[in-house]
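The values are calculated or read from the model by the stated rules, or taken from the named source; none is laboratory data. Fair warning: this is a prediction, and the values are worked out from it, not measured in the lab. All Cβ positions, glycine included, derive from the backbone under ideal geometry; neighbour counts span all protein chains shown.
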Amino acid sequence: MASISYDLKLMTLLTQFDSYFQYPSLAINVFVVLLSKFAVPNSICRIYAMNISVVTVVTVMFYVIMTETSDVPTVKRRYALVHMFYTIARNYGFFCYPFLSAVTMFMVYMAYAYPVIYLKMSRKKFTVCIFSIANILALVCAILQNPMSYTGNKMLQAGLSWLQTTIICLVFMVTTVFYVLVIVSTINHIRNRKLLCKNTREKWSTLTAFLIYSTPPNILTLSSIPGYVCISISFTTASQSSYTCVLFIMIGGYMILGKIFLTTFTILFAFRDYRVAMVNIAKDVVRRVRRKPTIVEVSCSVQNRSLM
């Protein structure tokens, strides 16, 4: 009982800590969406950033409206359907990263290693299709979370839990495969950098940026997988270890707003297009601030002409 009480206190603390990121997460993701829309050229990194940030903006706005208008128990009691959709949206925001990361890692690797094939793949229809599949799979995992939480049927809980765990493990395996291939390509590039053309070097810089960017979130995703396996086993064997399992997931991945804030913040500095866009905006602001007003000079010249 003491360990369960400690786990509950730690889970509550992590949840409260996560809630502090709601407004910073909303602000930074709105900024990324606007930057992507008006200042960043079309690229794989831009598509990835837009997919992550748009989902986050919708989810966090929903969360802010619900928490500011009523307390959570009241929302759960009076607006059960609304709360269910919010829970799905929040879980969807969490599950988006592993799927979108796998797709983006695949596309970035293909652009560097197989540029001819990538040119055929980079058509708008294919890009929309593959990112749509990733979003649909993330939505499926988010929807599976609800019946697992509310149904009393142990067999259904176990089946849905193992289905969700299998999907997450498979997509993480795909990400790991391309992650290793990216590392191998990076090592080969360092050995042969003098023999490579400028276009290949630019693609390699994108490859390296995404490799650096995706490492911390991948570690968090990996650390949350034991929690899913643990919950699936507890549903199957009807054991009482669910608190420990949930604790694994909370620490590894369910600090959703905190992780999304860190993920989005890293986007602004890991990807060159976003760094350039922010530098250009900063230069434009400084230029406007330093610009001397010319209205007085014009009015004076007009007065002199009128006197003459």
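Scanning segment 133-162 for residues that are aliphatic (A, V, I, L, M) and modelled with pLDDT of 85 or more yields Ile133, Ala134, Ile136, Leu137, Ala138, Leu139, Val140. The helices (runs of 4 or more DSSP H) falling completely within segment 14-119 that include 3 or more residues that are touching a Leu at 6+ places or on another chain (Cβ under 7 Å) and either farther than 12 Å from Ile260 by Cα or at pLDDT 80 or above (or both) map to 44-69, 80-113.
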